[in-house]
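Read the structure below first, then the notes.
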Amino acid sequence: REILLPQSLLLNKKILITAGPTQEAIDPVRYISNHSSGKMGLSIANEAARRGAQVTLVLGPTALNAAHPAIKPVNVTSAEEMYLAAADHHKQADVAIFSAAVADYRPEKPAAEKIKKDQANYTIPLVKNPDIAQSLGAIKRPNQYHIGFALETDEGYGSAKKKLKSKNLDFIVLNSLLDPEAGFQKDTNKATLIFKSKEEIKTPVITKEALAKIILDHLESLMGTTET
Ligand code: CTP
Ligand code: CA
């Protein structure tokens, strides 16, 4: 007799994941960025690939690399490049997971030459970057699933709920930097999953690999309840 293993609902599904930081050029040698390592997004990419999904990983500059053959990496530098790459792959995607730490602003006009220190003060005009999760959330199809993240320096509940709504997400994963185990460059995380349905789930302190499994388990259960 054959033993039938339960099949993942992610088998052969196309998943778009944004991950890592973005870099916004100030001049040819300098940029604005943040401390994102891309670990969380990469953990999700690996776990989704293990479950049989075809993953496109739109990845900002990071030392980390995708290892699984089912992950197609698309390397980008700036938020605008990340937006264009993500929008392109979103058309075919069944699921989009926005884990990137996208720079909210970029220098309006990067200097063509290295900026000299010959002024007492120097001000860089900044303009807003595209909001990838929000723009793609606005064109999300009924059969697509979107997941976002919110990293907050305070407890962060109110703003995570606003982001869930304004970005048209199915759920958002809230991390608070108040928590010493969570956040940038760490191997562990502690999160609250807040769903469109108002349901909330708190995880204990766990590894980013374990959190990736929890996130994809919840995605699969959403897919299982909304698919016929
Ligand atoms: N995000 C995005 N594009 C941006 C900014 C954010 O796709 N330009 C996504 C992130 O990947 C994350 C979610 O939106 O999934 C929330 O990001 P966050 O920085 O917490 O929120 P913002 O909307 O940028 O608001 P703020 O930084 O002012 O809190
Ligand atoms: Ca932001």
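The values are calculated or read from the model by the stated rules, or taken from the named source; none is laboratory data. Bear in mind the structure is a predicted one, so any value in this text is a computation, not a measurement. Virtual Cβ from ideal backbone geometry, glycine too; neighbours counted across all protein chains shown.
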Out of all the residues in the stretch 1-22, which are surrounded by 15 or more Cβ atoms within 10 Å (Cβ to Cβ) and either of a type in the set (Asp, Glu) or under 12 Å from residue 100 (Cβ atoms) (or both)? 16, 17, 18, 19, 20, 21, 22
Looking at (1) in contact with a helix residue (DSSP H, G or I) (Cβ under 7 Å, 6 or more places away or on another chain); (2) over 29 Å from residue 224 (Cβ atoms), which is the one condition that is false for residue 66? (2)
Pairing a residue in the stretch 118-146 that is closer than 12 Å to residue 167 by Cβ and touching a residue at least 60 places away in the same chain (Cβ under 8 Å) with any residue that is buried (at least 18 other Cβ atoms within 10 Å of the Cβ) and of a type in the set (Asp, Glu), where Cβ atoms lie under 8 Å and the two sit 6 or more apart in sequence or on different chains, gives none
For residues that are under 15 Å from residue 42 (Cβ atoms) and in a strand (DSSP E or B), scanning just the stretch 189-214, find the one that is modelled with the highest pLDDT. 207
With (1) among the basic types (Lys, Arg); (2) surrounded by fewer than 16 Cβ atoms within 10 Å (Cβ to Cβ); (3) in a loop (DSSP other than H, G, I, E, B) as the list, and residue 186 as the residue in question, which single condition is left unmet? (2)
Considering the stretch 148-168, residues that are under 16 Å from residue 202 (Cα atoms) and in a loop (DSSP other than H, G, I, E, B), and then whichever is farthest from ligand 2 (Cβ to nearest atom), we arrive at 155
Name the residues in the stretch 80-109 that are in a helix (DSSP H, G or I) and within 14 Å of ligand 1 (Cβ to nearest atom), would you? 80, 81, 82, 83, 84, 85, 86, 87, 89, 90
Kindly indicate which of 133, 93 is of a type in the set (A, V, I, L, M, F, W, C), modelled with pLDDT of 95 or more and within 16 Å of ligand 2 (Cβ to nearest atom). 133
Go through (1) of a type outside the set (A, V, I, L, M); (2) modelled with pLDDT of 95 or more; (3) closer than 23 Å to residue 36 by Cβ and name the single condition residue 144 misses. (3)
Inspect all residues belonging to the stretch 190-207 and state whether any of them is crowded, with 16+ Cβ neighbours inside 10 Å, closer than 30 Å to residue 26 by Cβ and hydrophobic (A, V, I, L, M, F, W, C). no
Any idea which of 87, 48 is under 21 Å from residue 150 (Cα atoms), among the small types (Gly, Ala, Ser) and in contact with a strand residue (DSSP E or B) (Cβ under 6 Å, 6 or more places away or on another chain)? 48
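Go over the candidates 67, 112 one by one and state the one that is in a loop (DSSP other than H, G, I, E, B), among the hydrophobic types (A, V, I, L, M, F, W, C) and more than 21 Å from residue 13 (Cα to Cα).
Working: 67 fails: more than 21 Å from residue 13 (Cα to Cα).
Unique residue meeting the criteria: 112.
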